[in-house]
1. Got a sec? Which of B:193, B:225, B:242, B:210 is buried (at least 19 other Cβ atoms within 10 Å of the Cβ) and within 14 Å of another protein chain (Cβ to nearest Cβ)?
2. With the requirement that a residue be surrounded by fewer than 17 Cβ atoms within 10 Å (Cβ to Cβ), within 12 Å of chain B (Cβ to nearest Cβ) and aliphatic (A, V, I, L, M), what does region A:47-84 give you?
3. Somewhere in region B:72-93, is a residue more than 22 Å from residue B:238 (Cβ to Cβ), in contact with a Phe, Trp or Tyr (Cβ under 9 Å, 6 or more places away or on another chain), more than 14 Å from chain A (Cβ to nearest Cβ) and at pLDDT 75 or above?
4. Considering only region B:171-281, give the helices (runs of 4 or more DSSP H) lying wholly within it that have at least 2 residues that are within 25 Å of residue B:322 (Cβ to Cβ) and at pLDDT 85 or above.
5. Would you mind stating whether residue B:26 is at pLDDT 85 or above, within 24 Å of residue B:169 (Cβ to Cβ) and more than 14 Å from every other protein chain (Cβ to nearest Cβ)?
6. Suppose the filter is loosely packed, with under 14 Cβ neighbours inside 10 Å and either in contact (Cβ under 8 Å) with a residue 60 or more places away in the chain or among the aliphatic types (A, V, I, L, M) (or both); does residue B:249 pass it?
7. Based on what the data block shows, is residue A:123 over 28 Å from residue B:198 (Cα atoms) and among the β-branched types (Val, Ile, Thr)?
8. Please specify each residue of region A:81-125 satisfying the condition of being under 23 Å from residue A:149 (Cα atoms) and without any contact (Cβ under 8 Å) to a residue 24 or more places away in the chain.
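The values are calculated or read from the model by the stated rules, or taken from the named source; none is laboratory data. No experiment lies behind these values; they were computed from the predicted model shown. Note that we place each Cβ from the backbone using ideal geometry, even for glycine, and neighbour counts take in every protein chain shown.
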Amino acid sequence: MNSKHPLWQNLFRPKEDRISEVTDMWMSTPLFDKITKRECRDLVKTMHPRHYKKGEMVFSSGDIGASIVLIRSGGIEIKATEKLLAELTAGDFFGEVALIIDEPRTADAIASEESELIFFLRTDLDEWVKRSPKSGAQFMLNIATVLAARLRHTNILLSLQNN
Amino acid sequence: MIQTLIQHPRSKTLFIFSLISAVLAILAILLAPLLIPIIISFALYALLEPISEIFERYGLSRNASSLSVLLILVGIGSIGGSLLLPHLSTQLSSLQSQLPIVWETITTMGNDFSQHIVSSLGLEIQSSGLTLHFFNQLNDWGKNALIEGSNLIISLSLLLVLVPIFTFFLIRDFRNFRNNILDKLPNSSFEMGWLIYYRVAHQLQEYIRGIMIQSGIMCIITTIGFYIIGLDSPFLLGVIAGVLNLIPYVGPLLAMVLPVLLALAHTPVELWLIGSAISVILIAQVIDNAIVIPAVVANAVNLHPLVVIVGIIIFGNLFGFIGMVVAIPVISTMNIIYCGLHQGIKNRSDLKLKTESIS
């Protein structure tokens, strides 16, 4: 019997095309800078895809976060006290602070359309760092770079507002 | 009415927490015959997972690294068993031969004590009746111990087969199994579920690794101590002290019983030996509390000592020795689950109130 028959397939094995697509998406972000595609691909296999309906809350301000989220399809609105901060689309990521600190989320994330999101959890990161400490350290450095860039951007915005 | 009650964050937390506890209790009842091998396998998983990760770091697949860890476990178990078991069995036989002397000494001491009471207070204690009752009680315990012993051999053989198999599959498949279960959570509680898992797993791993190292160190210290003071069967007593040390607070007290009884077996009774046996356990406890616990077990569980003692007594009463050993990790896990649930539910409720007040 052909092993590709649905009856004989491992139902839990992530689909190959999805893994390749998500790997490419992560590789195009600054988070996986200087990390090999093979390693990123292995990591993607452990990530958690989830589907959200239009208007569904991904997380809200005050929730304790545990993951960074990549948008595979659809769109996400980031809001703070009902004010729209950003509109994110496929290939964008958000919530990276939760990977580093055990603190409440500072904004709401709401699906603006039917969306598929890929969650990279702190548990996955911890296990990856133990398996591949060098790549894990590089990833941490990349996150620090992203956070520093966002902090710098916020500072510039604040100084412009004050002036 | 019930729906309104469940809407309140604390009631809702209690409701969900009770449901989770009920599911876990049903699972524990269903898996009762396999519970001990499962608990030991999880403890070994917590200890051996880092070794498997090292193998994976050097390019071995998950299958190959799990198999390598299993071979190491079986290898160490076989070598350790072949080296230590003959020694332990010799010491056990010597201990068995000493037990009649211990009982005789206790009886003599009991008689001396009653005579002392009679001469000093004029009260008469029927020591012969008490001694008879004591020996009848001992006889019953002995019979039970023999029956338990034969059951223990069967359980031990089952453990030797099941534990390596369970440990292998835990190292190889636990992550996939866990992912498949946690990914079934609804979107609204997905992150909260993972966060609670992360905290529980982190704390349990720390606790199991810490307490295993702590027991090993206690075993070494007490063995050396008993050897120095010249007590018989020092290695066996050290192993028993190490195993009993798995039970916080109560374990060290229980660990004193056998060395003191053995010291009593010396004729004539040497008080300094009894004192030294107690001192060895106390010194080991001081080293444990001052150096070992802060270094390896500190902050692994954050529970009030009273909760720990009451928990150990209740679990010990319900499930025996294994209950006393697992009491702390179980209470600590339930504590994290409750706090995590309450935090998540309260945040959601506060947000709902905020949104309602804005609209």
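1. On inspection, the qualifying residue turns out to be B:193.
2. Of everything in region A:47-84, just one residue is surrounded by fewer than 17 Cβ atoms within 10 Å (Cβ to Cβ), within 12 Å of chain B (Cβ to nearest Cβ) and aliphatic (A, V, I, L, M), namely A:57.
3. Taking every residue of region B:72-93 in turn, at least one turns out to be more than 22 Å from residue B:238 (Cβ to Cβ), in contact with a Phe, Trp or Tyr (Cβ under 9 Å, 6 or more places away or on another chain), more than 14 Å from chain A (Cβ to nearest Cβ) and at pLDDT 75 or above.
4. By residue number, B:187-229, B:234-244.
5. yes
6. For residue B:249, the condition - loosely packed, with under 14 Cβ neighbours inside 10 Å and either in contact (Cβ under 8 Å) with a residue 60 or more places away in the chain or among the aliphatic types (A, V, I, L, M) (or both) - is met.
7. no
8. If the condition is that a residue be under 23 Å from residue A:149 (Cα atoms) and without any contact (Cβ under 8 Å) to a residue 24 or more places away in the chain, then A:83, A:84, A:85, A:86, A:88, A:89, A:92, A:101 are the ones that fit.
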